[in-house]
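Taking it in order: structure first as structure tokens, then the write-up.
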Amino acid sequence: LEKVDRLPNGYRVYTTHHLYQLKICRLVFGGFVNRRLRKASMQLIAAAKVWDLNAYETAAAEYQRAIQEDIERTWKVIEIAIGETSLQETSNTQYTKKQAARLAGTTEESIRNWERNGLIPQAAAYQKRYYSQAVVNRMYVIRLLLDTGYSIMAIAHFLQKMDSGEYVDAKNVLIQPEKGEDLQSCADYYLQALLDLQQKANILCDLLTEMRKS
């Protein structure tokens, strides 16, 4: 919140600005799904605190876009989980590391880490790396499982079973006592959280019209 003035008797006096800032905080806090969306949502709070409505508008649009992209990526994982899209999907399309990171909603450094941990194949030394659609599909799955709390080791074990065609065993890898979820359940729950977040993001955008009049 922006600074709150006090009356001579020490009582704080809150303005309309503070009321909107509180509304924004309530819509943002408690809705964090991953670090990327948390960072995007905090830009809204930062802009509202200084009452920079142009910056708020930009941040709100970026937040909506980021959520929509995550929804689309999660649908990709659901398609993989129900068998409509394969981890071994064949395609002639090749992506650079930067392009692959953008598609999967991760960073280039994360992709390098996944390579080092054997989650995705490594390129030969000193060769520029390109990624097929099949590898990008793996990235969608890896990113979602990491966001929902699975360890690198568990994900590596899951992918090994999937690659070997041991689908029942692969499912069992993800069913841990504290989770009790398979890939499709993880994706479904994650998608619902994103859809709830999208509704809040829409309200955050709608607040702007009121804020401009206050």
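The values are calculated or read from the model by the stated rules, or taken from the named source; none is laboratory data. On a predicted model such as this, the values are computed, not experimentally measured, just so you know. Please note: Cβ atoms are built from the backbone with ideal geometry, for glycine as well, and neighbour counts cover all protein chains shown. The area values use the complete protein model at the heavy-atom level, side chains included, leaving out ligands, DNA and RNA. Shrake-Rupley method; radii C 1.70, N 1.55, O 1.52, S 1.80 Å.
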Determine whether the stretch 155-173 contains at least one residue that is touching a His at 6+ places or on another chain (Cβ under 7 Å) and at pLDDT below 90. yes
Here the residues within the stretch 48-60 that are part of a helix (DSSP H, G or I) and open to solvent by less than 80 Å² (accessible area, probe 1.4 Å) are Ala48, Leu53, Ala55, Tyr56, Ala59, Ala60
How many residues of the stretch 7-23 are open to solvent by 60 Å² or more (accessible area, probe 1.4 Å), without any contact (Cβ under 8 Å) to a residue 40 or more places away in the chain and in contact with a helix residue (DSSP H, G or I) (Cβ under 8 Å, 6 or more places away or on another chain)? The answer is 0
When restricted to Ile78, Ile45, the only residue of a type in the set (Val, Ile, Thr), part of a helix (DSSP H, G or I), closer than 17 Å to Cys186 by Cα and in contact with a helix residue (DSSP H, G or I) (Cβ under 8 Å, 6 or more places away or on another chain) is Ile78
Of the listed residues (Arg26, Arg38), the one being closer than 19 Å to Ile71 by Cβ, in a helix (DSSP H, G or I) and open to solvent by 40 Å² or more (accessible area, probe 1.4 Å) is Arg38
So, first residue open to solvent by 40 Å² or more (accessible area, probe 1.4 Å) in the stretch 93-116, second residue assigned to a helix (DSSP H, G or I), Cβ within less than 6 Å, six or more apart or across chains; the pairs are Thr93/Gln133; Leu103/Val136; Thr107/Ala101; Glu108/Lys97; Glu108/Ala101
